[in-house]
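Since the structure comes first, as structure tokens, the remarks are kept for the end.
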Amino acid sequence: MFGHHGEILKINLGSGDISREQFDEAFGRKFLGGNGLAAKLIYDNVPADADPLGPDNALVFAVGPVTDTPVWGSSRGHAAAISPQTGLFADSNFGGKFAVIQKRTGFDAIFINGCSDTPVYLLITEDGAEVKDAAWLWGKDTEAAIDALIEKEGSGAMAVAIGPAGENLIPFANILGGGRRPGSAGRAGMGAVMGSKNLKAIVVKGDKRTEMSDRDGLVSYLRGRLSVLQENGAALHNHGTPILVNIINGKGMLCTHNNARETFDRAEEISGEVMRQQYWDKDTTCHGCPLACGKNVKAKEGMFAGKSVKMPEYETIYAIGSMLDNADMNSIINGNHLCDLMGLDTISMGVTLSFVAECIERGIISEADFGGAVNFADGPGMVELIGKTARKEGIGAKLAKGSQRLAREFGGDAYKYLYAVKGLEIAGHSARGLRGMSLSYPTSTRGGSHHDGRPKYVMPESDPGFAPQPEYIQKNQYFTAFGDSMVICRFTAERGFGTMLNDDLARALNYVTGWDISLGEMEQIGERVYNLERMINTARGASRKDDTLPYRVMNEPIPDGPAKGRYCPQEELDTMLDEYYALRGWSPDGVPSDEKLVELGLK
């Protein structure tokens with residue numbers, strides 16, 4: 001079997017049981033790996049009523065058929081679980097080098113359930129798994145834990161770890177993966193699931209290489225397409241994702257002041273151009289990737305001043321920058337690195353802060369009642385609040401609940417200022433300004449994620465309207481589910497092969513696997529994986545009622561700027577959902593039909 005090793009490692013941290021399961025080529029072709037494999041394992045093995053922080057929930061790390069091959073962006077891994085933030089299925093794609101070494105252990109997936117009584121870490125090699133004491137690591141930040149484990153386990157080892165936020169079961173805690181360019185399984189609380197199992201870290205170490213059907217053909221094919229990637233990815237190579245700040249602000253879609261506005265007067269000060277000119281230290285790249293969109297920067301002041309740290313991505317600049325009216329680049333760099341060390345999702349952290357700041361500003365909750373101040377335009381104060389949140393110290397214990405839980409506690413009109421879907425704070429691509437995202441966020445398995453349906457930017461004067469969105473989002477979700485199962489970086493896939501599934505991407509996969517997958521089969525795989533995720537969610541009670549948007553997005557038009565007047569009223573969302581469900585073969589309530597499941601081989 002090319003591309004896959006065909007083996008799954010299962011570990012129960014409560015009972016201590018460790019087992020290995022095999023799958024054949026037909027199974028590999030049906031679910032690919034990554035997202036598809038993780039969803040299948042969770043659907044088959046996790047009870048529908050499992051407590052996200054209980055022993056029945058499972059955390060899955062999965063790789064795909066192209067992992068550890070010459071395919072661009074194939075060093076990424078996939079983590080999935082029932083989310084403590086949303087109560088639904090969630091998966092998170094992350095960079096670094098962990099996935100490459102996991103693939104070399106010979107295990108396409110690592111399935112972890114049960115809960116240890118004491119802090120532990122896992123050492124996974126080609127021989128299987130060993131549970132080791134992690135009391136000496138508990139309380140360490142992610143960077144210190146990963147460095148200590150790599151030193152302890154020796155040459156060739158790589159690790160992922162949680163920080164204090166995961167240990168404290170914060171519902172938006174993440175997992176940091178090691179490597180020259182560290183990556184985070186950043187959304188929906190994967191770090192809290194890991195913390196609930198008393199699992200501080202996972203170390204992988206192996207030398208088993210991925211067999212490919214036609215390596216020479218693959219290398220030749222990629223060499224011929226390299227200029228396409230370089231041309232389409234030039235802006236990312238030069239500036240990284242912060243290049244989007246000025247572009248999106250120029251379109252009037254940079255969410256500001258907790259999304260009360262969508263233009264930020266000081267956007268230039270936190271732009272990719274300023275980042276490059278004044279704070280850049282060096283370029284970095286994920287293992288084996290020619291795009292090199294990563295950057296290290298140095299803050300000029302603050303707690304990490306002068307230290308070379310990972311550059312804040314666009315989503316972080318939006319969340320702890322414009323959403324908080326914060327134009328202090330030093331605080332954004334410091335806040336981003338502190339979130340990485342503590343193991344916190346920067347998007348949920350920043351959007352929670354901006355939500356609380358507006359609720360205080362509007363008198364829905366007082367500073368005295370909340371236990372302290374949360375202000376707009378206060379960069380240093382924002383960094384301090386991140387630390388308190390990770391430690392659940394003082395006011396941080398409340399912020400650690402996330403915006404949706406806080407909205408319920410505040411009551412009154414607080415719900416009007418919540419910027420979240422299914423409990424997950426929305427990413428930095430306007431749910432009001434981008435017509436596609438008005439449908440993408442509600443139908444996203446994860447909620448407010450921009451990786452289930454991708455943002456499609458058009459000039460504000462060329463408003464595409466709502467009518468084309470159901471078909472676009474359905475097709476684009478095929479692309480994202482397939483890519484996350486393959487597993488390939490979204491950037492290299494979009495810029496090297498295209499923003500929808502196509503024959504060019506199929507050729508890369510077929511060179512690895514020896515298959516003859518067509519565009520139609522690719523779309524069916526993407527549809528199968530997305531339906532599988534939906535089945536997990538509907539079994540947990542999700543339905544049309546959850547496929548909705550924040551109050552502001554549906555009731556308050558963008559007040560000014562190039563996208564002035566845009567919003568998504570309920571009747572437009574209802575019309576899109578009706579058509580989208582029909583295209584999907586789902587019921588009017590958003591439940592996959594028996595006929596659709598039979599068609600996809602899921603019944």
*Starting with the highest mean, order 177-184, 363-370 by the number of other Cβ atoms within 10 Å, averaged over the residues of each peptide.*
177-184, 363-370
_At a 10 Å Cβ-Cβ cut-off, how would you order Ser19, Ser155, fewest neighbours first?_
Ser155, Ser19
*Local electrostatic count at Glu21 - Lys and Arg +1, Asp and Glu -1, tallied over other residues with Cβ under 13 Å*: -2
_Pairwise centroid distance, computed over Cα atoms, of region 405-478 with region 1-78, Å_ = 28 Å
*May I ask you to sort Tyr279, Tyr530, Tyr43 by Cβ crowding, counting other Cβ atoms within 10 Å and putting the fewest first?*
Tyr43, Tyr279, Tyr530
*Hey, can you list the DSSP H helices of the chain whose Cα span along the axis is 27 Å or longer and whose average Kyte-Doolittle score is at least -0.5?*
519-539
*Taking Cα pairs under 8 Å and at least six residues apart, what relative contact order does region 428-599 come out at, in percent?*
26 percent
*asked:* Once each part is reduced to its C-alpha centroid, what is the distance from region 264-310 to region 532-603 in angstrom?
replied: 37 Å
*asked:* Please compute one quarter of the surface area of the Cα convex hull for region 261-355 and express it in square nanometres.
replied: 6.5 nm²
_Fraction of alpha-carbon pairs over 29 Å apart in region 428-599 - percent_ = 22 percent
*If you take the Cα atoms of the chain, find Rg, then find the Kirkwood Rh from the mean of 1/r over all pairs, what is Rg/Rh?*
0.94
*asked:* What's the ranking of 376-387, 326-337, 567-578, 197-208 by average number of surrounding C-beta atoms within 10 Å, highest first?
replied: 326-337, 197-208, 376-387, 567-578
_Order these by the 10 Å Cβ neighbour count, fewest first: Met253, Met323._
Met253, Met323
*At a temperature of 20 °C and a viscosity of 1.002 mPa s, determine how fast region 7-204 diffuses translationally according to Stokes-Einstein, using the Kirkwood radius over alpha-carbon pairs as Rh; express D in µm²/s, rounded to the nearest whole number.*
133 µm²/s
*region 483-507-region 139-181 distance, computed between alpha-carbon centres (Å)*: 29 Å
_Partners for Lys422 among aspartates and glutamates (Cα-Cα distance below 18 Å; same-chain residues under 8 apart left out)_ = Asp49, Asp51, Asp91, Asp345, Glu409, Asp452, Glu533, Asp546, Asp547, Asp574, Asp589
_Once you keep just the Cα pairs under 8 angstrom separated by 6 or more residues, what percentage relative contact order results for the chain?_
16 percent
*For region 7-204, give the share of DSSP beta bridges that are antiparallel, in percent and rounded to the nearest 5; count only bridges with both residues there.*
75 percent
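Bear in mind these aren't lab numbers, they're just calculated from the coordinates by the rules spelled out. All values reported here derive from a predicted model rather than from experimental measurement. We place every Cβ from the backbone using ideal geometry, glycine too, and count neighbours over all the protein chains shown.
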